[in-house]
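Single-structure report; data block below.
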Amino acid sequence: SDVAVVFAGLYESEQSEGFDREHIDLPASHVAVIEAVAAAAERTVVVLMNGGVVSLEPWHDSVDAIVEGWALGQAAGGALADVLTGAASPSGRLAETIPFALSDTPSYLSFPGESDVVRHGEGVFVGYRYYTSTERPVRYPFGHGLSYTTFAYDTFEVENTGPGTALARVTVTNTGQSPGADIVQLYVRPAASRVRRPVRELAAFEKVRLEPGQSATVSFELERRAFAFWDVTGKRWWVQPGTYGVHLGRSAADIAETRTLTLQGDTDLPGPLGLESTVGEWFGHPVVGPALMQALTATAGEERLAAAGDNTNMLKMVESMPMAQFVRFPGVEITDAALEHLIGLSRKAAAGEDAGTTR
């Protein structure tokens, strides 16, 4: 036979919505068949049938092509035959990362938990956000997919449309010999912010079908949520002012082109300060910070304050400390009246009132 096709996957008893899988391996008997056929056949294609990700190890490098069918339905036979014979060009993209091993996954050390508690230790670094941020290699990244044709990108442009919005355009051309569809993917690299964020996040995608030689321009309206993160303290979506990267990708790991974009973002002042607020929040407040520095200079003296300012490690140590604890430090002389005045300034600023001059 010129080509051997092996169908493999998971049995119903190994996958269900009613229980969690304990590994991502194919049945050992299926792996044995794949390896035996690949050793004897001139070319081998593996067609997978599975409801969730399965490991492609150790047989991946022994076969010539892999068709990921996922959870197949009633018309699976005809659909797979069309893909295998070339009657239809595959155009799907992975909605999940395929890792080398289960131990590579971000939730490996925290799932399924213990003592009736599951800790979602990965936080916002779920799936590809973890793999790309840690530069951990994977077998196939989120967004990956092959086709019987090829596509080229041209004139990739990104422009501001508002303080926290943008418009992106790219021209896609089918450079191959077969009709097909490409899925154009846009990822956003966040601006530097006070919270940890993934190195890039999917912002938009669009499937475009093209005949050989045909081109089309695809436009994406990137709204606030494409750039925002959830501000836990303020209980709101927040667009950090700064410079963002907009990545045109073939997958989460294969970035074709990058454009930078500077956004004004959200510029309203932070909420009112209190004695439970950290020293960093007090000094970082655009209104209270300068007034606090002025008060400290008046009581501690410029030379003493400058000496303390030169100790970078000391500043790092106290910036996460509650203000109530900081003001009890020896040498920190801030009166209760001064603190009340500064808290009042922060309340006025949060309300949008003129805070007036500091004293």
### Message
I need the full set of residues from the stretch 69-107 which are over 23 Å from Ile24 (Cβ atoms) and open to solvent by 60 Å² or more (accessible area, probe 1.4 Å), in order please.
### Response
Gln74, Ala75, Asp82, Leu84, Thr85, Ala87
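Please determine, by comparing only the residues of the stretch 219-247 that are assigned to a strand (DSSP E or B), of a type outside the set (Phe, Trp, Tyr) and surrounded by fewer than 19 Cβ atoms within 10 Å (Cβ to Cβ), which one is nearest to the chain's Cα centre (by Cα).
The first filter runs over the stretch 219-247 and keeps only residues assigned to a strand (DSSP E or B), leaving 219-222, 229-231, 236-238, 242-247.
Next cut, of a type outside the set (Phe, Trp, Tyr) only: 219, 221-222, 231, 236, 242-243, 245-247.
Now restrict to residues that are surrounded by fewer than 19 Cβ atoms within 10 Å (Cβ to Cβ): 219, 221, 231, 236, 242-243, 245.
On the way: Ser219: 22, Glu221: 19, Asp231: 16, Arg236: 19, Gly242: 18, Thr243: 17, Gly245: 13 Å.
In this case the residue turns out to be Gly245.
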### Task
Answer yes or no: is there a residue in the stretch 46-53 that is more than 29 Å from the chain's Cα centre (by Cα) and not in a helix (DSSP H, G or I).
yes
### Message
Given the condition over 30 Å from Val3 (Cβ atoms) and touching an Asp or Glu at 6+ places or on another chain (Cβ under 9 Å), answer yes or no: does some residue in the stretch 44-62 qualify?
### Response
no
### Query
What is the number of the single condition among (1) open to solvent by 40 Å² or more (accessible area, probe 1.4 Å); (2) more than 23 Å from Ala253 (Cβ to Cβ); (3) outside any helix (DSSP H, G or I) that Ser110 does not meet?
(1)
### Message
Looking at Glu96, Glu57, Glu68, Glu114, can you tell me which residue is free of Cβ contacts under 8 Å to residues at least 12 places away in the same chain and not hydrophobic (A, V, I, L, M, F, W, C)?
### Response
Glu114
### Residue selected from the stretch 141-166 under the condition polar (S, T, N, Q) and in a strand (DSSP E or B), by the criterion nearest to the chain's Cα centre (by Cα)
Thr165
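Tell me, which helices (runs of 4 or more DSSP H) wholly within the stretch 269-324 include 2 or more residues that are modelled with pLDDT of 80 or more?
279-284, 288-300
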#### Entry: Hey, Ser91 closer than 29 Å to Ser133 by Cβ, of a type in the set (Gly, Ala, Ser) and touching a residue at least 24 places away in the same chain (Cβ under 8 Å) or not
yes
### Message
Can you tell me which residue is farthest from the chain's Cα centre (by Cα) among those in the stretch 4-29 that are in contact (Cβ under 8 Å) with a residue 24 or more places away in the chain and open to solvent by less than 60 Å² (accessible area, probe 1.4 Å)?
### Response
Ala4
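Return yes or no: is Ile343 modelled with pLDDT of 75 or more and not in a helix (DSSP H, G or I)?
Working: modelled with pLDDT of 75 or more: yes; not in a helix (DSSP H, G or I): no.
Here the answer is no, as Ile343 does not meet what is asked.
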### Query
Going through the stretch 210-263 one residue at a time, which ones are more than 15 Å from Ala168 (Cβ to Cβ), among the aromatic types (Phe, Trp, Tyr) and in contact (Cβ under 8 Å) with a residue 24 or more places away in the chain?
Phe229, Trp238
### Query
Which of (1) open to solvent by less than 40 Å² (accessible area, probe 1.4 Å); (2) over 24 Å from Val208 (Cα atoms) does His120 not meet, given it meets every other one?
(1)
### Message
Being in contact (Cβ under 8 Å) with a residue 24 or more places away in the chain and not in a loop (DSSP other than H, G, I, E, B) is true for just one of Ala81, Ala32, Ala38. Which residue is that?
### Response
Ala38
### Complete set of residues in the stretch 179-203 that are assigned to a loop (DSSP other than H, G, I, E, B), modelled with pLDDT of 95 or more and either of a type in the set (D, E, K, R) or open to solvent by 20 Å² or more (accessible area, probe 1.4 Å) (or both)
Pro179, Pro190, Arg197, Val199, Arg200
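The values are calculated or read from the model by the stated rules, or taken from the named source; none is laboratory data. Note that the structure is predicted; figures quoted are calculated from it, not measured. Virtual Cβ from ideal backbone geometry, glycine too; neighbours counted across all protein chains shown. To get the accessible areas, we keep the full protein, side chains included, count just its heavy atoms, and leave off ligands, DNA and RNA. Shrake-Rupley method; radii C 1.70, N 1.55, O 1.52, S 1.80 Å.
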